[in-house]
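Nothing in this text is a laboratory measurement; each read-out follows from the coordinates by a stated rule. Bear in mind the structure is a predicted one, so any value in this text is a computation, not a measurement. Positions of Cβ are backbone-derived with ideal geometry, glycine not excepted, and every protein chain shown enters the neighbour counts.
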Amino acid sequence: MNTIVNTTWDPGLIALSFAFAVVGSFVALSAATRLYASKGRLDWINVLAVGVALGGVGVWSMHFIGMLALRLDVGSSYSMLETFTSLAVAVAATAGSVAMAARRPDSLPRLLMAGLLLGMSVVVMHYLGMFGLKIYGFISWDMALVGASMLIAVVAATAALWLAFNSPTLGRRVAASLAMGVAVCAMHYT
């Protein structure tokens, strides 16, 4: 006999997850403007800062705060292996995708490829994190919603990369960070 688990959400934690997505996006967009050091070489410290800010804070932390916002009427825990692997995927893939796009941010094919890679890394991070969720029972997936979340992730990642290299003023970076916060949360809460 299958029993459906009732769920509720904590609005305060949802708001906090959005704040993490916005702050992580803002730091990443700011660091992205400084990816090149002297002589046209990538500044790997700033590349890593983008990976930690967007992948670690903006996406991964947002995801797990969102998971804390989810109230299940069954006990739950997380596997450390999947949880920390999802963090490593988020940081490394974000840093790599941004570095790829930064080499030629004016190249649409490069931007689209980097956006696809970044978006799919967010998908891997998200669903690996979900796989790490341990409950008594199983999760039933709606594949249409999974597909929608994947599409949102790729579109949002591509937009993030474009915004990273086309938001030179503080006001535009703030607006871009708010847009990215909405996109990151839309993907995860879908």
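Observations, loosely collected:
- For the chain, the longest principal axis of the C-alpha atoms and the axis of helix 11-32 are separated by about 20°.
- Positive-end ranking of Phe138, Gly115, Val89 along the dipole of the stretch 41-143, with charges on Cβ about the Cα centre, is headed by Gly115.
- Computed about its Cα centre, the charge dipole of the stretch 91-188 is approximately 280 debye, with only Lys, Arg, Asp and Glu carrying charge at their Cβ.
- Rg/Rh (Cα only; Kirkwood hydrodynamic radius) as it applies to the chain: 1.01
- Structure-based [θ]222 nm, the chain - -39500 (n - 2.57) summed over DSSP H runs of at least 4, per residue, nearest 500: -23000 deg cm²/dmol
- Stokes-Einstein diffusion coefficient of the stretch 113-186, Kirkwood radius over Cα pairs, 4 °C, 1.567 mPa s, in µm²/s: 95
- For the stretch 1-160, size of Cβ-based charge dipole, Lys and Arg +1, Asp and Glu -1, in debye: 600
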